[in-house]
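Student: Take this structure first; my questions come after.
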Amino acid sequence: MNKMILNNLDKVIVTSDTVTILHETEVEHPAAKLLVSAAKEQEREIGDGSNWVLCIGGELLHNSENLLRLGIPATAIAEGYRKAVQYILEIINSLTLYNVCEKDLFDEVVLAKMIQSSIASKQFGLEVLLSKLVSKACQLVMPRNTYNLNVDDIRVVKIFGSDIYQSFVLHGMVLQLVPHTRTIYTVQDATVAIFTCTIDAADTETKGTALLTSAQELSSFNIDEEKQIER
């Protein structure tokens, strides 16, 4: 569910991303700051799961409050959590669904299967489609050392008039230009000229100031400027 946030700059942000919400929210309580720090570290290390960190951390604090009300010392509660961590580390390997190695990152099918759960947390119902697209894009820019993968090498271009099911991966560069109202789309028996330089009107190297005192002067100034460009 999307949340509407008004930050300190009076900017309205609508998002459901946990990290974005935490980044735009001012937290003062020490315990809450620890949870925020843990969630940001999770996002930095893994790239996903920050919402889960907040939920499990908040639940642990809630249970600790109940134990404190029963008179159990805080040191005993902390020691119990430490033993729980040790137990989790012992059994966590037996809870894995499948194991992958670094060479599997170069397999498009295996990589798509690995990232489905992360994509499902953001785009549930579209994880199969998007995981295939992301996996294919990663294969095109994947270096030999997978730790050097730069996510900025993959860009997303949104084109209006279609839906997500028509998305595809293009190996190259996409330049999205806004068509002009007088753009010519089709020409028959045309003569084509190729220019190696720009033919747009160049900006002047020096700046000038025009003092206009009436609407008539403004209209005349615009007409004269258009005539100069047409020349």
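Student: How many of the residues in segment 163-191 are over 23 Å from Glu108 (Cα atoms), over 20 Å from the mean Cα position of the chain (by Cα) and modelled with pLDDT of 80 or more?
Tutor: Within segment 163-191, residues that are over 23 Å from Glu108 (Cα atoms), over 20 Å from the mean Cα position of the chain (by Cα) and modelled with pLDDT of 80 or more number 5.
Student: Taking interchain pairs and intrachain pairs at least six residues apart, which have beta carbon atoms under 7 angstrom, with the first residue in segment 117-135 and at negative phi and the second polar (S, T, N, Q)?
Tutor: That search, which allows pairs on different chains as well, returns Ile119/Ser131; Glu127/Gln116; Val128/Gln116; Leu130/Gln123; Ser131/Gln116; Leu133/Ser167.
Student: Quick one: count up the residues across segment 20-52 that are part of a helix (DSSP H, G or I), within 19 Å of the chain's Cα centre (by Cα) and loosely packed, with under 13 Cβ neighbours inside 10 Å.
Tutor: So the answer is 3.
Student: What pairs come up if the first residue lies in segment 84-105 and is without any contact (Cβ under 8 Å) to a residue 24 or more places away in the chain and part of a helix (DSSP H, G or I), the second is of a type in the set (Gly, Ala, Ser) and surrounded by 10 or more Cβ atoms within 10 Å (Cβ to Cβ), and their beta carbons are under 8 Å apart, counting only those six or more places apart or on different chains?
Tutor: none
Student: What residue, of Leu22, Leu54, is closer than 28 Å to Ile115 by Cβ and either in contact with a Lys or Arg (Cβ under 8 Å, 6 or more places away or on another chain) or touching a residue at least 60 places away in the same chain (Cβ under 8 Å) (or both)?
Tutor: Criteria check complete, one pass: Leu22.
Student: Hey, another quick one. Restricting attention to segment 119-170, report how many residues are exposed (fewer than 12 other Cβ atoms within 10 Å of the Cβ), of a type in the set (A, V, I, L, M, F, W, C) and outside any helix (DSSP H, G or I).
Tutor: 7
Student: Among the residues of segment 86-110 satisfying the criterion of being β-branched (Val, Ile, Thr) and within 28 Å of Cys138 (Cα to Cα), which is surrounded by the fewest Cβ atoms within 10 Å (Cβ to Cβ)?
Tutor: Restricting to residues being β-branched (Val, Ile, Thr) and within 28 Å of Cys138 (Cα to Cα), the top hit is Thr96.
The values are calculated or read from the model by the stated rules, or taken from the named source; none is laboratory data. Note that the structure is predicted; figures quoted are calculated from it, not measured. Quick reminder, even Gly has a Cβ in these numbers, built from the backbone with ideal geometry, and neighbours come from all protein chains shown.
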